[in-house]
Amino acid sequence: GSLTGLRHDLPVASAQVKSAILLAGLQAEGRTEVCEPLRSRDHTERMLAALGVPIDVDGTVVRVGAGAPDPFEIDVPGDPSSAAFFAVAAAITPGSDVVCEGIACNPTRIGFVDVLRRMGADIDLEATGDVCGEPVGDLRVRSAALRGTTIEGAEIPGVIDEIPALAVAAAFADGVTDIRDAAELRVKESDRVATVAGMLGRIGIACEERSDGLVIRGGNPVAADHDSGGDHRIAMAAAVAANAVAGTSRISGWAAVASSYPEFADHLGALTEDRS
């Protein structure tokens, strides 16, 4: 049926919900406006602006009018959320030096780089170009001693999908990592507060579960058997942890990884030397 523009105030910052409303707004009569409590990822806004769509961004408020994008072709940049697992794997595995080429360097997507740098990671990000309004670059990570940090507040929307990977970094770090204001983790593909806490507990890491996050005490992780709970990011996080310790780990529910990165196991294997 016909649509009419409206103003929608999001109770929780969500790039997915925001994007759905904006795309519907392109087919609506009048203006459509989305207001967020915090700025979420802005791939849709960048793409629409690059394709000639009437769009206005003012802080945490985005407005669109009726309009159609110009025709286009695009080589989609590498997914930074997937690259985050290799960044953590390189940081926690002694002797590692890994480059992830051609990933999206959108500032709302690479918050995990800032977190890892704060933890002491040896990490560089080099811009190489621009694709459909998105900056693109190469991410290089070398192994380094990590320390605990605090992840909270306005930083959370930019790292929400990378927290399972960052939790693994915290497990290998010296000291305590405190993750706050991340209640949205409870309603992802799994309850990621609970599933991350369970994963860390199985590898011998003390982890306190809170309503909106985790307190992780770094230590000496060990091999373990895991269940992904049908969550691709939990499966990949468990694999990254397993890859950095001695002994054999097993991960059930691995099929979930196909939802975002079907080749992950092959790529992790190609990067990994046999240290047995």
For residue 119, only one of the following conditions fails: (1) at pLDDT below 95; (2) open to solvent by less than 30 Å² (accessible area, probe 1.4 Å); (3) over 13 Å from the mean Cα position of the chain (by Cα). What is its number? (1)
Do we find that residue 38 is within 28 Å of residue 236 (Cβ to Cβ), of a type in the set (A, V, I, L, M, F, W, C) and surrounded by 13 or more Cβ atoms within 10 Å (Cβ to Cβ) in this structure? yes
Among 211, 228, 190, which is the only one that is farther than 22 Å from residue 83 by Cα and in contact (Cβ under 8 Å) with a residue 24 or more places away in the chain? 211
Residues (out of contact with any strand residue (DSSP E or B) (no Cβ under 6 Å at 6 or more places or on another chain) and surrounded by fewer than 19 Cβ atoms within 10 Å (Cβ to Cβ)) located in segment 71-116: 71, 72, 73, 74, 75, 76, 79, 94, 95, 107, 108, 114
Can you work out which of the residues in segment 131-172 that are of a type in the set (A, V, I, L, M) and more than 14 Å from residue 116 (Cβ to Cβ) is modelled with the highest pLDDT? 136
Given the options 134, 162, 184, 126, name the one that is of a type outside the set (Lys, Arg) and over 20 Å from residue 100 (Cα atoms). 184
For segment 8-29, which positions are open to solvent by 40 Å² or more (accessible area, probe 1.4 Å) and either over 22 Å from residue 70 (Cβ atoms) or polar (S, T, N, Q) (or both)? 8, 9, 11, 12, 16, 17, 27
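Determine which member of the set 134, 155, 126 is in contact (Cβ under 8 Å) with a residue 60 or more places away in the chain, more than 22 Å from residue 238 (Cα to Cα), surrounded by fewer than 22 Cβ atoms within 10 Å (Cβ to Cβ) and among the acidic types (Asp, Glu).
134
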Only one of these is over 19 Å from residue 15 (Cβ atoms), of a type outside the set (A, V, I, L, M) and touching an Asp or Glu at 6+ places or on another chain (Cβ under 9 Å): 217, 192. Name it. 217
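Would you please name the residue that is most open to solvent (accessible area, probe 1.4 Å), looking only at residues in segment 140-152 that are within 29 Å of residue 37 (Cβ to Cβ) and not acidic (Asp, Glu)?
Keep residues of segment 140-152 that are within 29 Å of residue 37 (Cβ to Cβ), which gives 148-152.
Next cut, not acidic (Asp, Glu) only: 148-151.
Details: 148: 23, 149: 16, 150: 60, 151: 2 Å².
The qualifying residue most open to solvent (accessible area, probe 1.4 Å) is 150.
The values are calculated or read from the model by the stated rules, or taken from the named source; none is laboratory data. Just so it is clear, the structure is predicted and the values come from calculations on it, not from any experiment. Quick reminder, even Gly has a Cβ in these numbers, built from the backbone with ideal geometry, and neighbours come from all protein chains shown. Heads up: the accessible areas ignore ligands, DNA and RNA and are worked out on the full protein's heavy atoms, side chains in. Shrake-Rupley method; radii C 1.70, N 1.55, O 1.52, S 1.80 Å.
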